[in-house]
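**Student:** Before I ask anything, let me first share the structure, which is written out below as structure tokens.
The values are calculated or read from the model by the stated rules, or taken from the named source; none is laboratory data. Predicted, not measured: the structure shown is a model, and the values here were computed from it. As a convention, Cβ positions derive from the backbone with ideal geometry for all residues, glycine included, and neighbour counts pool all protein chains shown. These area figures cover heavy atoms from the full protein model, side chains too; ligands, DNA and RNA do not enter into them. Shrake-Rupley method; radii C 1.70, N 1.55, O 1.52, S 1.80 Å.
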Amino acid sequence: MTADILREKFLAFFKARKHKIIESDSLVPKDDPTVLFTPAGMNQFKHEFMGRDSGFKRAATAQRCLRTDDLEKVGKTSLHHTFFEMLGNFSFGDYFKQEAISWAWEFLTQELKISSDKLWVSVYQDDDQAYAIWKNVVKIPVNRIIRLGDKDNFWPAEAKTKGPNGPCGPCSEIFFDFGEDVGCKKSSCTPACSCGRFAEIWNLVFTQFNRKPDGSLEPLPNKNIDTGMGLERLTALMQGAKSNFETELFQPIIKEIIRGQSSPATGASAGRPGTVPLETFYAIADHVRAVVFSISDGILPSNEARGYVVRKLIRKSILHLISLGIKEPFLYRLVPIVAEIMRKAYPELTNRQEDIAQMVLAEEKNFINTLGASEELFKSKFTEFIENPNPETVGNIVFLLHDTYGIPVELTGQWLDKHKISFSEKAFQQAMGQQKARSKLGSAMQGDVFSAKGLDIKVKDTKFTGYQENSTESKILAILKDAKEVTEVLAGDNLQIVLDQTPFYAESGGQVGDTGELINGRNVFEVRDTQKMGNVILHIGKIKSGTFKSTDTLTAKIDIARRQNIARNHTATHVLQAALRKVLGNHVQQQGSLVGEEKFRFDFTHFKGLSVEEISRVEQAANSFIAKNQAINCQEMAFKDAKKAGALAFFEEKYAENVRVVFIGDISKELCAGTHLSQVSEIGLIKILSEGSVASGVRRIEGATAGFAQQFIKEQEQKAAKEAVKKQNLKESKEKEKKRSVEIKNSLVDALPRLIAKSVKIRDINVIFSLEDDLDMPALRLLADKLKEKLSCAVVVLGSQDKEQKKAFLVIAVTPDLLSRGMDAGALIRQAAPIIGGSGGGRGDFAQAGGTQPENFTLAFEQLRDIIKNSP
């Protein structure tokens, strides 16, 4: 029985028992900061578990999940995975233990035909009710019912003593018995033994208590059911496979790796197959599934949070491939195989497989290059420790290279041994332990179970009227001050106000929240932001005048001009995506956006930067769409119908059964809950402000529309005009400088006879002293050089000044024949420079100085005359 059939059977079984079948949530938990990834089927139902009425009391899902707390065990056991699917059925204050237990037993023994003799169960040590149901209703022999404690059969584990606070309860697990000849082979062996004889199939959680801050448990008014069964494990069991990796969910991936192992195209060495343990193949197969689904859900490789985990999984896979002898990028070739295996349940993978493969390929190339450059990296990190040993610091750096760059410890260790640098294994293991602890915290729930700011407000969902209205008569349902509900507030107070209905759009889907006012006569509340908690809309701001109290009736009015600008930019992102797909191709898919009043930001998949020509073409295509002046229509329809109609969906959003589709004529159709214009021509103009990289394979465009776009163009034109004037001035300046240079050069040639005529004899040395007008230092140097060429046995001393800035320039040149006699221009300049208020230096044949006292040139010349006169 294949995994696809098992998934279908499970959902059909519970659909027949009046469960609503809910699509799998994203691996990115929505509105849930307590976990890094979606770790279980129950996470998307936290609001329902807390009592929200979503229109159903029973649900069933096949949820894609990702956990990293057992990463080091993946591949080494037959059961551990990073990515897996969890089958689950849920009850929100409807049925309880008897139905959950009876249906689980019925599905396994009657629907799947698993022999009841092969099944054992566990119950919580104090849960006599569950024990009695298994014994008296299901009639399982008591020797196959065991009682376990807080760690094994209470959820969350050990919550009674260690927390967290919130809903919790006992659980009951169903185990498959592989037989007495498996594992420890002891006659006393039970599911409490970890020898491998028993495999947990299904966990049934009975959420019946609320743990309070003092550690006490109080019964919940509505008792819930939360169950979870791993599809991979169930598939292996139904196929008689000893390992999950022997099923069709993994085998095509493993076979492709084996083919790559013997292919010259991958850089593999001959004769490698069979020399590496199976766990290496298993780990790669597991990791590539996690990578594909993560990227598909918008988690891109990076050095932050979720992206870091994806990057780490890719790098671990590359190192495994290298150990197999595969030295060239290969992991990306496994992407279409994963997409094909999972095609029936997740057809979107097939549509995105090329994008995902390109992102993986980029990561592979970067990491393989990093490994190739490891020698230089090692030198930069460790060279100082050759002379100054510090094993603890080196141990921490070894971990850093392993954790941040993915460089194997063995590779680093070999380099350190070669250079006789020791490192502390203890320091390395300590750093590794701290990272594992952080990883477990990322996979486990933090804080109180189901805690979320604002969820404790006992109010009904807010009705949003903002698609049709800019103002609405509303009633205050709740007022929050400092996160606590209050009944009356005064001017100046910062608050959150909940209304029964509102035209204010709460920030979501990349669109910022509305601003405006809540007005009740002279009482005015300024709304500075609008946010949403579940389906409750929070108006965040400050009382400008008067006072407000719960149950007040008021007029809620949005800032219409601001809303129009935001709507203009939101519609522009839809038009821009259509233009990008037209110019670059249909692989372009939205990865994120931010729609504000003045500009918008749009992230999309593409694998290189856009050229100036491509940006121009995208802009032209977008504005040609605007010129079509087509109507914009928004329709509510079933999600499945929207997908059939070809409406584009944003990767990270979780969509309800009924969705809103925005149609822009024949230009675009997208699932979107944001506010939009009535006609596409109202955008006026789209101007791309910038284009750049966000992550590997993801680009970002910032743009503006209408007046903001025109203002940008005006500023660019003004900037260009200034640059043109600056260029012209620079050109004219250079031409003037060139002309002046020619004039100076000519004047210097003309000045030679005059200066030579000024030469005086001091002993047998020809000396020229001259103060020249309006010459800078380069001109003085040139003049001195020309005089040196014309003279012998000579010292040339020339000065000039900048009268406006009161600067003095002095040069001294000595002919070669005097140089051989010990005359030194550098020595002369050092004695003369202080007299003109400066300093200088140079070679024996030429030196220069600058100063701030040009009035002292006469004194400097006299000093030099005496020095030359008295020289040896």
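**Student:** Against the longest alpha carbon principal axis of the chain, how many degrees, from 0 to 90 and to the nearest 10, is the axis of helix 391-400 turned?
**Tutor:** 70 degrees
**Student:** Among (i) 12, 31, 35, 19, 3, 0; (ii) 11, 23, 23, 21, 12, 7, 2, 0, 0; (iii) 12, 30, 27, 16, 10, 4, 0, only one was calculated for this model; which label is it, if the read-out is P(r) over Cα pairs in 20 Å bins from 0, in percent?
**Tutor:** Looking at P(r) over Cα pairs in 20 Å bins from 0, in percent for this model, the match is (iii).
**Student:** For E8 paired with K719, estimate the spin-label separation in nm (one decimal), with each label point 7 Å from Cα along the Cα-to-Cβ line.
**Tutor:** 5.8 nm
**Student:** Let's see if you can work this out: charge +1 on each Lys and Arg Cβ, -1 on each Asp and Glu Cβ, no other charges. What is the dipole magnitude of the chain about its Cα centre, in debye to the nearest 20? Display every interim value, and only then the final one.
**Tutor:** On the way: 117 positive and 111 negative charges, 197 e Å.
About 940 debye.
**Student:** What percentages make up the Cα-Cα pair-distance distribution of segment 833-872 when the bins are 5 Å wide from 0?
**Tutor:** Pairs per bin, as whole percents: 6, 22, 23, 29, 16, 3, 0.
**Student:** Okay, next question. Could you pull out the pairs from K628/K687; K460/K643; K640/K669 whose alpha carbons sit more than 20 Å apart here? Each step should come with its number before you reach the end.
**Tutor:** Numbers: K628/K687 17 Å; K460/K643 31 Å; K640/K669 14 Å.
As for pairs spanning more than 20 Å Cα to Cα, those are K460/K643.
**Student:** Counting only the heavy atoms of the protein chains, how much of R562 is accessible to a 1.4 Å probe, in Å² to the nearest 10?
**Tutor:** 40 Å²
**Student:** Could I ask something else about it? Could I have the simple spin-label model distance between T109 and Q468, label points 7 Å from Cα toward Cβ, reported in nm to one decimal?
**Tutor:** 5.5 nm
**Student:** Need one number: % antiparallel among DSSP beta bridges in the chain, to the nearest 5.
**Tutor:** In the chain, DSSP labels about 90 percent of beta bridges as antiparallel.
**Student:** In deg cm²/dmol, rounded to 500, what helix-only [θ] at 222 nm does the chain give when every DSSP H run of at least 4 residues adds -39500 (n - 2.57) and the total is split over its residues? Can you show the working numbers first?
**Tutor:** On the way: 25 runs with 319 residues, N = 872.
Calculated at 222 nm, the ellipticity per residue is -11500 deg cm²/dmol.
**Student:** What is the packing order of peptides 164-171, 396-403, taking the mean over residues of other C-beta atoms within 10 Å and listing the highest first? Could the numbers behind the result be given before it?
**Tutor:** Working: 164-171: 22.2, 396-403: 18.9.
Averaged packing, sorted descending, gives the order 164-171, 396-403.
**Student:** Under 15 Å from a label point 7 Å along Cα→Cβ of T553: give me every residue in segment 457-491 with its amide N that close.
**Tutor:** 472-477
**Student:** Turning to a different aspect of this structure: For helix 97-106, what angle does its Cα long axis make with the longest principal axis of the chain, in degrees from 0 to 90 and rounded to 10?
**Tutor:** Tilt relative to the chain: about 90 degrees.
**Student:** With r defined as the distance between the Cβ atoms of V749 and R865 and R0 fixed at 25 Å, what FRET efficiency is calculated, to the nearest 0.05? Write out the running numbers ahead of the final one.
**Tutor:** Values: r = 27 Å, r/R0 = 1.09.
Approximately 0.40, to the nearest 0.05.
**Student:** Still on this model: If I stretch the segment between K608 and S302 completely, what's the gain in nm (0.36 nm per residue apart, minus their alpha carbon distance), one decimal? Display every interim value, and only then the final one.
**Tutor:** On the way: separation 306, 0.36 × 306 = 110.16 nm, distance 1.72 nm.
Here the segment from K608 to S302 would lengthen by 108.4 nm.
**Student:** If you project the alpha carbons of segment 101-251 onto the principal axes, what extent comes out on each, in Å, largest first?
**Tutor:** So the extents along the principal axes, rounded to whole Å, are 48, 35, 31.
**Student:** Continuing with the same structure: I'd like the orientation of helix 251-261 relative to the chain: the angle between its Cα long axis and the longest Cα principal axis, in ° from 0 to 90, rounded to 10.
**Tutor:** Value to nearest ten degrees: 30.
**Student:** Using a 1.4 angstrom probe, figure out how much accessible area the chain has per residue, in square angstrom, rounded to the nearest whole. Provide the component values of the computation, followed by the final result.
**Tutor:** Details: 40380 Å² over 872 residues.
Per residue, the chain has an accessible area of 46 Å².
**Student:** Here's something else I'd like to know. In this model, which of K46/K542; K599/K722; K9/K316; K9/K46; K212/K458 are farther than 28 Å apart at the alpha-carbon?
**Tutor:** Values: K46/K542 31 Å; K599/K722 25 Å; K9/K316 35 Å; K9/K46 25 Å; K212/K458 19 Å.
The pairs that break the limit, which is 28 Å between Cα atoms, are K46/K542; K9/K316.
**Student:** With all protein chains present, how much of the accessible area of the chain (probe radius 1.4 Å) comes from carbon and sulfur, to the nearest whole percent? Mind showing how you got there, number by number?
**Tutor:** Numbers: 19710 of 40380 Å².
Whole-percent figure for carbon plus sulfur exposure: 49.
**Student:** Identify, among A192, A132, W105, the residue whose Cα sits farthest towards the positive end of the charge dipole of segment 82-197, taking +1 on the Cβ of Lys and Arg and -1 on the Cβ of Asp and Glu, with the dipole about the Cα centre.
**Tutor:** Positive-most Cα among the choices belongs to A192.
**Student:** Might you report the magnitude of the Cβ-based charge dipole of segment 1-91 about its Cα centre, with Lys and Arg at +1 and Asp and Glu at -1, to the nearest 20 debye? Present the calculation step by step, with values, prior to reporting the outcome.
**Tutor:** On the way: 15 positive and 12 negative charges, 91 e Å.
Dipole magnitude for segment 1-91 comes out near 440 debye.
**Student:** Quick check: pseudo-label points 7 Å beyond the Cα along Cα→Cβ at D773 and E375, how many nm apart are they?
**Tutor:** Taking the two extended label points, one gets 6.7 nm.
**Student:** Counting only the backbone N, which residues of segment 285-329 are under 18 Å from the spot 7 Å out from the Cα of D403 toward its beta-carbon?
**Tutor:** 302-316
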